[in-house]
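Each remark here refers to the structure printed beneath this line.
The values are calculated or read from the model by the stated rules, or taken from the named source; none is laboratory data. In this text the structure is predicted, and so the values were computed from the model without any measurement. All Cβ positions, glycine included, derive from the backbone under ideal geometry; neighbour counts span all protein chains shown. Accessible surface is based on the protein model in full, side chains and every heavy atom, while ligands, DNA and RNA are left aside. Shrake-Rupley method; radii C 1.70, N 1.55, O 1.52, S 1.80 Å.
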Amino acid sequence: MENKRGYKYDPVEDTPEYQAIKDELEAKILERMGGQITRGNAYMYAQIKKEILKEEYGIDWTPPHVLNPRIKFN
């Protein structure tokens, strides 16, 4: 799937299961990142998101940088 900007994203993000935990997930990511989510730590954000989704929710998720290898995410 592609978003409005033309980047591929994991369609798991469109599922009811993901949508139900989306806000909680973002809060957990922010907490693990010490309250700092910036463009400069996109890879760290994606890794933490992947870990939380798998460990706490049993959801396999593929980060944007894997799905879009020709795009540099900061």
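Which of the residues spanning segment 5-39 are open to solvent by 70 Å² or more (accessible area, probe 1.4 Å) and more than 21 Å from F73 (Cβ to Cβ)? Selection gives P16, E17, Q19, A20, D23, E24, E31. With respect to (1) open to solvent by less than 60 Å² (accessible area, probe 1.4 Å); (2) of a type outside the set (F, W, Y); (3) in a helix (DSSP H, G or I), the lone exception for T62 is condition (3). Scanning for something hydroxyl-bearing (S, T, Y), open to solvent by less than 80 Å² (accessible area, probe 1.4 Å), over 22 Å from E2 (Cα atoms) and not in a helix (DSSP H, G or I), does segment 40-57 turn up at least one residue? No, every residue in segment 40-57 fails to be hydroxyl-bearing (S, T, Y), open to solvent by less than 80 Å² (accessible area, probe 1.4 Å), over 22 Å from E2 (Cα atoms) and not in a helix (DSSP H, G or I). Entry remark, segment 12-37: residues being closer than 16 Å to Y57 by Cα and not acidic (D, E) number 12 in total.
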